[in-house]
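Read through the structure below, which is laid out as C-alpha cells, and then see the notes.
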Amino acid sequence: VDPFFAWIEDGAFSTAFRESEFAFPLSLTAHVFSVALVAGTSLPVALRLAGYLRGVPLAGLMRYLPIFWIGLVVSTVSGGLLLIGYPTKTLTNPLFYVKVAAILAAIWVMWTARRSVGSPTAAELSPARARVMGLSLIGLWAVVIAAGRLLAYTYSRLMVGF
Amino acid sequence: MEAFDEWLHGPATWIATTPLSRFIQEQHAYAFATLETLHLIGMTLMLGAIVAFDLRVLGLAKSIPPAALHRLIPWGVAGFILNVVTGSLFVIAHPHQYLFDPAFRVKMVLILIAGLNVLAFYGTAFAELKAAPAGADLPLRSQVITAVSLVAWVGVLVCGGLVTSGYFG
C-alpha cells in the first residue's frame, strides 16, 4: 500500500496541508472540539440509559441529537483532513482502526437508543439492556478519546519516506 | 505585558526546577499521553454537562425539567476537578511552554470569567430555575448568564486546542 500512501502524500492538497502553518493546528483543534461535542452529547443519553438520571425522559434527550450528528460531520471532515495530511502515520497504526471501530459501535448504540423512543411501534428497552447500552457508550467514547490521543505517540512511520 | 513576561521567567524557571516538575519530565512519554487522555475525558464530561444544561435553559429540550438536567452538573464538576489536576501537572512539567502562550493566557481569563459567572448563576438565577417545571421558559436573567457560560466554556476548549496543537508556539 506504500504507493497509495505516497500518491496521497505527493498530492497538492496533502503537501499544502503539511506546509501550511495553521492547517494542522486548526484541524486538530476542530477535531478535538467536535469529538468532545459528539462524546459530550452522548453523555446524558448514556447516563440516562445506565440509570443515573431517572428524572430525565430519554425522549427529551433526543432533542440534542442534531448536535451529535453535526459534531460527527465536523469530526469526520477535520479527521479526514488530518488523514490526508498524514496517511502513512495514521493508516499504519492499528490504534486508528480500534478508534474507528469504537466510533461505529458508539453510533450504533446511540441509534438503537434513538429507535427505542418516539414512535408508537418502538420497542421498549429493558432496564438491563439499557444499562449495558449506557455503560458501553461511556466505555466506547473513552476508548475513542484514548486511542485518538495515543495516535500522536504510537505511530511507527510518519510518512512513506521516513 | 513585556515587564510581566520578563518577571514571569523567574517563577517559570523556579517551577521547572522543583522535584515535582523534574519527576513528571522524567516519566515516559506514555505517562504524558495518559494525563492528556484524562484531560480530554474531563473536558468531555464538562462539555456534555454544560451543553445539555445550558441549551435547556436557552430553550432546547423543554420537555425536560431544568432541575432534572441539573443533576448532570456534578459530572461536569468532576471533569473540571480532573482537568485542574491534570492541567496543573502539564504546567508544572513545562511552565515555559504554557505560561507564555497567548492561547493559554486567554484560556485562564475565560476560566476566571466562567467561574465568576457560576457564582452569579447560583447567587441569582438558580432558585427560579430549580422551581421551573417541564415545558417552562426561563427568565431572561437565567438565559443571559447561561449564554455567557456557554460562550466562555466553548472558548476555554478552543483555546486549549490551540495550546496543545502549538498554534502560537
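The values are calculated or read from the model by the stated rules, or taken from the named source; none is laboratory data. Just so you know, these numbers come straight off a predicted model, no measurement behind them. Here Cβ is always computed from backbone atoms with ideal geometry, including for glycine, and neighbour counts include all displayed protein chains.
State the number of residues belonging to segment B:33-65 that are more than 18 Å from the chain's Cα centre (by Cα) and of a type in the set (S, T, N, Q).
2
Regarding residue A:157, is this residue part of a helix (DSSP H, G or I) and not aliphatic (A, V, I, L, M)?
Spelling it out, it is not the case that residue A:157 is part of a helix (DSSP H, G or I) and not aliphatic (A, V, I, L, M).
If residue A:6 satisfies all but one of (1) surrounded by fewer than 16 Cβ atoms within 10 Å (Cβ to Cβ); (2) facing chain B (nearest Cβ under 7 Å), what's the number of the condition it fails?
All conditions are met except number (2).
Hey, residue A:59 hits all of (1) surrounded by fewer than 19 Cβ atoms within 10 Å (Cβ to Cβ); (2) hydrophobic (A, V, I, L, M, F, W, C); (3) not in a helix (DSSP H, G or I) but one; which does it fall short on?
Condition not satisfied by residue A:59: (3).
Pairs please, first residue from segment A:53-75 and within 12 Å of chain B (Cβ to nearest Cβ) and in contact (Cβ under 8 Å) with a residue 24 or more places away in the chain, second anywhere and crowded, with 16+ Cβ neighbours inside 10 Å and not in a helix (DSSP H, G or I), Cβ atoms under 8 Å, 6+ apart in sequence or on different chains.
From segment A:53-75, the pairs are A:58/A:116.
Count, please, the residues in segment A:13-40 that happen to be buried (at least 19 other Cβ atoms within 10 Å of the Cβ), facing another protein chain (nearest Cβ under 9 Å) and either outside any helix (DSSP H, G or I) or polar (S, T, N, Q) (or both).
2
Select from segment B:133-169 the residues that are surrounded by fewer than 19 Cβ atoms within 10 Å (Cβ to Cβ), within 14 Å of chain A (Cβ to nearest Cβ) and part of a loop (DSSP other than H, G, I, E, B) and write down the one among them that is modelled with the lowest pLDDT.
B:169
Being part of a helix (DSSP H, G or I), over 16 Å from the mean Cα position of the chain (by Cα) and charged (D, E, K, R) is the requirement here; does residue B:130 meet it?
So residue B:130 fits the description; yes.
Among the listed residues A:78, A:136, identify the single one that is part of a helix (DSSP H, G or I), under 26 Å from residue A:10 (Cα atoms) and within 17 Å of the chain's Cα centre (by Cα).
None of the other options fit; the residue is A:78.
Given the structure, is residue B:86 touching a Phe, Trp or Tyr at 6+ places or on another chain (Cβ under 9 Å) and at pLDDT 95 or above?
The answer is no for residue B:86.
Scan segment B:10-44 for residues that are under 28 Å from residue A:30 (Cα atoms) and either among the hydroxyl-bearing types (Ser, Thr, Tyr) or at the interface with chain A (Cβ under 7 Å from one of its Cβ atoms) (or both) and jot them down.
Matches in segment B:10-44: B:29, B:30, B:33, B:34, B:36, B:37, B:40, B:41, B:43, B:44.
Among the numbered criteria (1) surrounded by fewer than 17 Cβ atoms within 10 Å (Cβ to Cβ); (2) at pLDDT 95 or above, which single criterion is violated by residue B:37?
Looking at each condition in turn, residue B:37 falls short on (1).
Looking at segment A:2-25 only, could you name the residues that are closer than 14 Å to residue A:158 by Cβ and polar (S, T, N, Q)?
Within segment A:2-25, A:14 is the sole residue that qualifies.
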